[in-house]
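Any read-out appearing in this document is the output of simple, stated calculations on the displayed coordinates, not a laboratory observation. Predicted model, so just to flag it, every value in this text is computed and none were measured. Quick reminder, even Gly has a Cβ in these numbers, built from the backbone with ideal geometry, and neighbours come from all protein chains shown.
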Amino acid sequence: IVDGALELRQRRFRFDDGGEHDGDGDAPQRWAIPVHVRIGDDETTLLLDGDAVSIPLDRDDRTRPIVVNAGGHGFYRVTYSDDLRARLDATTIASLSTLERYNLVDDAWAATLAGRLSGTELLAFLRAFESERDHAVWQAIATSLRGLGRLFDDGAARDAFQARVRALATPALGALGEPAAGEADLTSKLRGLLVGLVGVLGGDVGVQARCREW
């Protein structure tokens, strides 16, 4: 947010340079991008066809949650500023569509791979998904967590990471309950995904014991 307005900027996404360069040579690529933005409960669309575009904000809008790529149908990634990402708390995220929630996780992980979001910041953001119950969104979360898990050797840092994984995924696993005959296929798949996160990546010995019983 700059001078009371939401500023949207475009640049080419790259994994290998932290997103600091638009492309090769002196002529950066630009696209005409239809952008759907939700500010609080109000939605607007605009065309981002230059370096940047601004949306004036009312006083109340300057503190409301803002979702770029509302609806989740845009073919682009979104990286939020620290302030705007902090507004996407658990309550706001729970009100979004499945596709919007999936995109939030997928974009955050892409930003981490590109060096624009730290692993610590990603873990802090994922805490807002503790109430998530959708299999597709959990697949995106699992991809992020497994990727971060490769960065840790045994030791205190690994133990702390595993504790964060357990804290994030255990509530969803508990909400599913025991396997039952005739349950929906996606329910079984989600349970298996969460068991892997809590028991394997999170190192939960209790879940490991339950797996042996199952």
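Worth a mention:
- Choice from 12, 87, 150 showing the highest fluctuation, given a GNM over the chain with Cα pairs closer than 10 Å: 150
- Using a Gaussian network model of the chain in which every pair of alpha carbons under 10 angstrom is joined by a spring, one finds that among 89, 185, 16 the greatest mean-square fluctuation is at 185.
- Among (i) 19.0; (ii) 20.4; (iii) 17.8, the entry derived from the coordinates for Kirkwood radius over Cα pairs in Å: (i)
- Qualifying chymotrypsin sites (Phe, Trp or Tyr not before Pro) in the stretch 68-133, DSSP loop, other Cβ atoms within 10 Å at most 16: 75, 76
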